[in-house]
Amino acid sequence: DSRMQETNAGDLVTDALRLFAQADIGLVNGGAIRAAMAAGDVTYGDVIRMVPFDNPVVKIQATGAQILEMLRQCTATLPAEYGDFPQVSGLRYTVTVSDHSVSNVEVQQADSSYAPLDATSIYTVAVTDYAVSVDGFHGTLATCPIVMRTPSPGHEVVREYLITALGGNIGIEYSNPEGRITIIE
């Protein structure tokens, strides 16, 4: 379930957002993903079932400290399901459920390696406009400057990614979650 752990659908959606906005990080709340996506050919109806909302995609600037605070707040309810559970691209992190801590937060670099999140650095983050509202992600990103606003809703961005990057077919790269989120009981 995208509301309590990494899912392959979460990986796909956040990859699509990150690539579309040319951002350091792609981020979506797990509650925005409403259906799984099977391997093979994909229809537009499949995309709409997976990401049914019309929220436009925006690119924001967030400090490492803001990203870390969002991760902490939005994973604190584990092991219970939570709609703001953060699915990610270009980022990986570990959650320890017993003490509700977030650690090992790393950002993917241009060469695909990972480097520790720097609290004082500014990162670009592709999200839907819901994520920067006071309702999204506990409002932790609501004060972040928007540097790009598009009319493109999330499901259109995912559809375009499936066509252009994946040739309309979900293959082995999304057969399982990639290991971006580690959960320790």
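Among the listed residues ASP41, ASP15, identify the single one that is touching a residue at least 40 places away in the same chain (Cβ under 8 Å), under 15 Å from GLN87 (Cβ atoms) and of a type in the set (D, E, K, R).
On the way: ASP41 fails: under 15 Å from GLN87 (Cβ atoms).
Answer to the check: ASP15.
Among what's in segment 114-138 and is in contact (Cβ under 8 Å) with a residue 40 or more places away in the chain and among the acidic types (Asp, Glu), pick the residue that is least open to solvent (accessible area, probe 1.4 Å).
Among those that are in contact (Cβ under 8 Å) with a residue 40 or more places away in the chain and among the acidic types (Asp, Glu), it is ASP129.
Please report, ordered by residue number, the helices (runs of 4 or more DSSP H) entirely within segment 7-108 with at least 2 residues that are open to solvent by 50 Å² or more (accessible area, probe 1.4 Å) and either closer than 17 Å to GLU185 by Cα or acidic (Asp, Glu) (or both). Give the derivation first.
Values: elements: 8-21, 44-50, 64-75.
Because the criterion is at least 2 residues that are open to solvent by 50 Å² or more (accessible area, probe 1.4 Å) and either closer than 17 Å to GLU185 by Cα or acidic (Asp, Glu) (or both), the helices (runs of 4 or more DSSP H) in segment 7-108 that meet it are 64-75.
Out of ARG180, ARG149, which single residue is modelled with pLDDT under 95 and not acidic (Asp, Glu)?
Values: ARG180 fails: modelled with pLDDT under 95.
None of the other options fit; the residue is ARG149.
Name the residue, out of LEU91, LEU141, LEU78, LEU162, that is over 17 Å from the mean Cα position of the chain (by Cα) and in contact (Cβ under 8 Å) with a residue 60 or more places away in the chain. Working first, answer last.
Numbers: LEU91 fails: over 17 Å from the mean Cα position of the chain (by Cα); LEU141 fails: over 17 Å from the mean Cα position of the chain (by Cα); LEU162 fails: over 17 Å from the mean Cα position of the chain (by Cα).
None of the other options fit; the residue is LEU78.
The values are calculated or read from the model by the stated rules, or taken from the named source; none is laboratory data. Please read all numbers here as calculations on a predicted model, not as lab measurements. So basically every Cβ, Gly included, is an ideal-geometry build from the backbone, and we count neighbours across all protein chains shown. Ligands, DNA and RNA are excluded from the accessible area calculation, which covers all protein heavy atoms including side chains. Shrake-Rupley method; radii C 1.70, N 1.55, O 1.52, S 1.80 Å.
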